[in-house]
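Report on the following structure.
The values are calculated or read from the model by the stated rules, or taken from the named source; none is laboratory data. In this text, all values refer to a predicted model and were calculated from it rather than measured experimentally. For neighbour counting, all protein chains shown are included, and Cβ atoms are generated from backbone atoms with ideal geometry for every residue, glycine included. For accessibility, only protein heavy atoms count, side chains too; no ligands or nucleic acids. Shrake-Rupley method; radii C 1.70, N 1.55, O 1.52, S 1.80 Å.
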Amino acid sequence: MKSSLLSSYQGLKESKKRTISIIICSGAQCLDITGPAEVFTFANKQMADFGYGEDQLYKIEFLAASKEPRQVTTGLKVHPDKCFYEADSIHTLLVGGGTAKSCLDLTDDSQFLEWLKVKAREVERIGVSGSGTLVLAKAGVLSGHRATTHEKYIGDLKKYKDIEVDDKAIFVRDKKIYSSVGRSAGIDLALAMVEEDFGRKLALLVAREMILYLKRDGDQSQYSSYLQAQLKNNRFSPLLEWINLNLEQSLSVDFLAKKQAMSPRNFSRCFTSEIGVTPARYLEQVRVEKACQLILEAGISQDVVATQCGFSSQEQMRRAFLRQKGILPSKYRKQFA
C-alpha cells in the first residue's frame with residue numbers, strides 16, 4: 001500500500017498546499033468542526049509518515065467574526081485563527097451546523113452573508129453540514145443546486161424552491177458544493193474531499209487511522225433500514241437485531257414467525273403494519289445494504305458477497321440491487337471502489 005501510494009505522488013513536493021478554512025460560531029456542533037479537521041490532519045500525518053512535510057497536503061484554519069474564543073456544543077472552546085474577512089487564498093471553505101441560535105446568528109449577519117456569497121464564487125469548493133446548509137441557502141449559494149441536510153431541517157430547506165433537496169443521502173456533491181447531514185457525515189464529506197484530491201487509497205488510509213468501520217459514500221441513506229426499523233418499533237427489536245446478525249441464513253417468513261412465536265399470517269400483518277414494509281422487502285433492503293459494504297472491499301467476489309448476505313445466487317443479488325439501488329452490483333463497485 002505504502003509503495004503504491006507513494007508512486008502516485010512523486011510530484012507532491014511541488015504541489016500547492018490546500019487551505020481548509022472552517023467557519024465556527026458559538027453553539028456550533030463540535031463534530032461538524034472537529035470531524036473534518038481531524039480527517040485533513042490525519043491526511044497530513046499519513047503523508048508525513050511517507051517522508052513528506054506534515055502540512056504538505058492541507059493547511060487548516062478556523063475563522064469567526066472576531067478572534068474571541070467560541071464555545072461549541074460540548075463546551076469546548078475553539079480559538080479562531082483569524083476573522084473571516086481577513087482570510088484569503090482559501091481552497092476549501094467549510095460551514096458547520098449548530099444550534100438554532102447559532103444558525104440565526106450567521107443568517108442575521110449581513111456582513112458575513114455578503115462575504116460568504118463572494119467567497120463561494122472564489123473558492124475551489126465549499127462544504128456545509130447540518131443546519132449550516134440553511135446558512136448557504138439564505139446567502140443564495142445553493143440556488144440552482146442539489147443539496148441535503150439533517151432530517152430536522154429538511155422542511156426548512158424545502159422552503160427554498162430553487163434548491164433540489166435530497167432528503168435521503170448522507171452527503172451530496174453538486175459541482176463544487178458539498179452538503180451533508182452533519183455530525184459523523186461531516187467526516188464522510190471530508191474523506192470524499194481527500195479522495196477527490198489525492199485518491200481513494202489515501203482516503204481509506206485516513207479512515208483506517210481514525211478507526212472507522214466503513215468509509216461511507218454519499219449515496220448511502222441517512223439511516224440504514226435496520227436503524228429506521230429500530231426507531232419505529234420495540235416489539236420486533238430483538239428479532240431485527242437477530243436478523244441483522246444472521247443475514248447469511250435462509251430466513252423465510254415461516255421461520256421468522258416461529259421465532260417470534262406468531263402465526264405466519266399474523267406475523268406478516270403485524271410486521272408490515274409496524275415496520276412499514278413486508279418481511280421479505282425488509283430482508284432484501286438490509287441484505288443489499290450489507291452487500292454494498294462488502295462489495296467495496298478488495299478481493300471479495302460477488303459470489304462470496306451474495307453468500308454472506310443470504311442471497312441464493314448472484315442473479316438473485318443482481319435483481320435485488322436493481323430494485324433497491326437502480327444499478328447492478330458490478331456498476332456499484334466500479335462507481336465507488
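Out of curiosity, is E38 at pLDDT 90 or above, in a strand (DSSP E or B) and either among the hydroxyl-bearing types (S, T, Y) or surrounded by fewer than 20 Cβ atoms within 10 Å (Cβ to Cβ) (or both)?
no
Inside region 52-89, residues that are of a type in the set (A, V, I, L, M), open to solvent by 20 Å² or more (accessible area, probe 1.4 Å) and either free of Cβ contacts under 8 Å to residues at least 12 places away in the same chain or in a loop (DSSP other than H, G, I, E, B) (or both) make up a count of 2.
Of all residues in region 182-204, those satisfying the criterion of being open to solvent by less than 10 Å² (accessible area, probe 1.4 Å) and part of a helix (DSSP H, G or I) are A185, G186, D188, L189, A190, L191, M193, V194, L202, A203. Can G144 be described as under 21 Å from G35 (Cα atoms), part of a loop (DSSP other than H, G, I, E, B) and of a type in the set (G, A, S)? In short, no. Residues in region 214-259 that are of a type in the set (D, E, K, R) and modelled with pLDDT under 90: K215, R216, D217, D219, K232, R235, E241. For residues in region 96-141 being over 19 Å from D32 (Cα atoms) and basic (K, R), which is least open to solvent (accessible area, probe 1.4 Å)? Result: K119. Quick check: anything in region 295-311 in a helix (DSSP H, G or I), open to solvent by 60 Å² or more (accessible area, probe 1.4 Å) and touching a residue at least 60 places away in the same chain (Cβ under 8 Å)? Yes, the conditions are met somewhere in region 295-311. Residue under question is Y153, and the condition is that it be open to solvent by 10 Å² or more (accessible area, probe 1.4 Å) and part of a loop (DSSP other than H, G, I, E, B); does it hold? Judged against the criteria, Y153 is not a match. Checking each residue in region 282-337 for being β-branched (V, I, T) and under 20 Å from S250 (Cβ atoms) picks out V286, V288, V304, V305, T307.
Per the conditions (1) open to solvent by less than 20 Å² (accessible area, probe 1.4 Å); (2) modelled with pLDDT of 95 or more, the sole criterion not satisfied by T148 is (2). On inspection, S179 qualifies as crowded, with 21+ Cβ neighbours inside 10 Å and part of a strand (DSSP E or B).
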